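Visitor: Provided herewith is a single structure, encoded as structure tokens, for subsequent inquiry.
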Amino acid sequence: MAAQANRVVPMSEWEDRWQEGRITFHRPDVHNLLQKNLNKAICGRKEVRFFFPLCGKAVDMKWLADMGHTIVGVELSEKGIKQFFEEQNLAFNEEPVPDIPGAKVFKSTDGKISLYQCDLYKFSSAVAGKFGGIWDRGALVAINPCDRQKYATLLMSLMNNDCKYLLDAVEYDPEVHKGPPFCVTEEDVKNAYGGGCDIELLECEDFHHENFKKWGLDSMTEKLYCLTLKA
Ligand code: SAH
């Protein structure tokens, strides 16, 4: 972590990635750990409101919406949001967001999926309420390490009392690759969320990707946590 503590990725870099199609973080399939741990997230509830921070065009949003859940995502890139609706064959409307100057919300016409195009740090429960579920993949690990506490505090403020927050983090030698994704250890998760949440480790597995080789890594360790608000 110390090796990456001061690294800052400007917001313009993310937009450039979308414009140039450098989005190797995107996965064409529903995330295996979300599928495997869906029951942990749903807990028998119906029509759960899910929050997707830094959502990109994650196909998991459509997958959950098709099960009857409602999705709210936040993403900086309008290009990414439009690609989501187009690739998922969903008709959508575009509206301004009264609470956030300059922001737009893109809503599927069936009302199940709403994606806010803005800086995450401008978003709050005043805009879209609180949530019963959160899927955080490529989000905590994508934000700048110096913003981690601010991010965790915001995410916790979006949790309903019954919220299940599934957090997917990666660990590797931070001296070898500079990130993103940044290395987020169990200790980092405890430091960021331990004050407000109980933290359960659900999964721990090594995974391989062709990209890791060019970063000098053989594999990363992926850990999935379930966070719930302390009673
Ligand atoms: N969760 C998605 C995307 C991961 S990449 C997935 O798993 O595929 C991180 C995404 O966050 C990028 O699409 C980037 O454009 C977006 N992003 C980065 N900083 C942001 C910010 N401050 N506010 C909103 N979106 C941001």
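The values are calculated or read from the model by the stated rules, or taken from the named source; none is laboratory data. Only a predicted model underlies this, so the values are computations on that prediction, with no experimental measurement involved. Reconstructed Cβ throughout: ideal geometry from the backbone, glycine too, with neighbour counts over all protein chains shown. Side chains are part of the model used for accessible areas, which takes the heavy atoms of the whole protein and leaves out ligands, DNA and RNA. Shrake-Rupley method; radii C 1.70, N 1.55, O 1.52, S 1.80 Å.
Visitor: Roughly how much of SER219 is accessible, in Å² to the nearest 10, using a 1.4 Å probe?
Guide: 40
Visitor: Tell me, what % of the accessible area of segment 84-132 is carbon and sulfur with a 1.4 angstrom probe?
Guide: For segment 84-132, the apolar C and S fraction of the accessible surface comes to 46 percent.
Visitor: Roughly how many Å is it from the Cα centre of segment 20-64 to that of segment 71-114, as a whole number?
Guide: 16
Visitor: Right, something else. How high is the relative contact order of segment 45-100? Use alpha-carbon pairs under 8 Å, at least six apart in sequence, and give a whole percent.
Guide: 35
Visitor: Just ALA126, ALA41, ALA65 to compare: in a GNM of the chain, with alpha carbon springs under 10 Å, which one fluctuates most?
Guide: ALA126
Visitor: Take LYS40, LYS164, LYS213 and sort them by solvent-accessible surface of the protein heavy atoms, 1.4 Å probe, largest at the top.
Guide: LYS213, LYS40, LYS164
Visitor: Long-range amide H contacts for ILE134: which residues qualify at under 5 Å (H placed 1.01 Å from N, peptide plane, sequence gap of 5 or more or a different chain)?
Guide: Here PHE51, LYS164, TYR165, LEU166 satisfy the definition.
Visitor: Relative contact order for segment 87-217 using alpha-carbon pairs under 8 Å, separation at least 6, rounded to a whole percent?
Guide: 18
Visitor: Rounded to the nearest percent, how much of the accessible area of segment 134-225 (1.4 Å probe, protein heavy atoms only) is carbon and sulfur?
Guide: That fraction is 46 percent.
Visitor: With a 1.4 Å probe and every protein chain left in place, tell me how much accessible area GLU86 has, in Å² to the nearest 10.
Guide: Here the accessible area works out near 120 Å².
Visitor: Placing unit charges on C-beta atoms (Lys and Arg positive, Asp and Glu negative, everything else neutral), compute the dipole magnitude of the chain about its Cα centre in debye, rounded to 20. List each step's numbers first, then the result.
Guide: Details: 28 positive and 35 negative charges, 109 e Å.
Its charge dipole is roughly 520 debye.
Visitor: Which value does Rg/Rh take for the chain over its C-alpha atoms, Rh per Kirkwood? Walk me through the intermediate numbers first.
Guide: Details: Rg = 16.8 Å, Rh = 18.0 Å.
Ratio of gyration radius to Kirkwood radius: 0.93.
Visitor: Defining a contact as two alpha carbons under 8 Å apart and six or more residues distant in sequence, what relative contact order in percent does the chain show? Write out the running numbers ahead of the final one.
Guide: Values: 415 pairs, mean separation 42.9, N = 231.
Relative contact order, the chain: 19 percent.
Visitor: Under a 1.4 Å probe, what is the accessible area of the chain per residue, stated in Å²?
Guide: I get 46 Å² per residue for the chain.
Visitor: Right, next: Quick one: the Cα spread of segment 35-138 along its three principal axes, in angstroms, biggest first?
Guide: 38, 29, 25
Visitor: Ok, one more. State, to one decimal in nm², a quarter of the convex hull surface area for the C-alpha atoms of segment 19-61, i.e. the direction-averaged projected area.
Guide: Value for segment 19-61: 3.8 nm².
Visitor: Would you kindly calculate the translational diffusion coefficient of segment 109-231, applying Stokes-Einstein with the Kirkwood radius from alpha carbon pairs, for 4 °C and a viscosity of 1.567 mPa s, and quote it in µm² s⁻¹ without decimals?
Guide: Rounded to a whole number, D works out at 83 µm²/s.
Visitor: Provide the solvent-accessible area of HIS26, counting protein heavy atoms only and rolling a 1.4 Å probe, rounded to the nearest 10 Å².
Guide: Using a 1.4 Å probe on the heavy atoms, I get roughly 50 Å².
Visitor: OK, next. Under the rule of at least 5 residues apart or a separate chain, name every residue whose amide H is placed under 5 Å from the amide H of THR70.
Guide: Here the answer is VAL48, ARG49, PHE50, since their amide H atoms fall under 5 Å of that of THR70.
Visitor: If you roll a 1.4 Å probe over segment 10-79 with all protein chains in place, what percent of the accessible area is carbon or sulfur?
Guide: Solvent-exposed carbon and sulfur of segment 10-79 make up 52 percent of the total.
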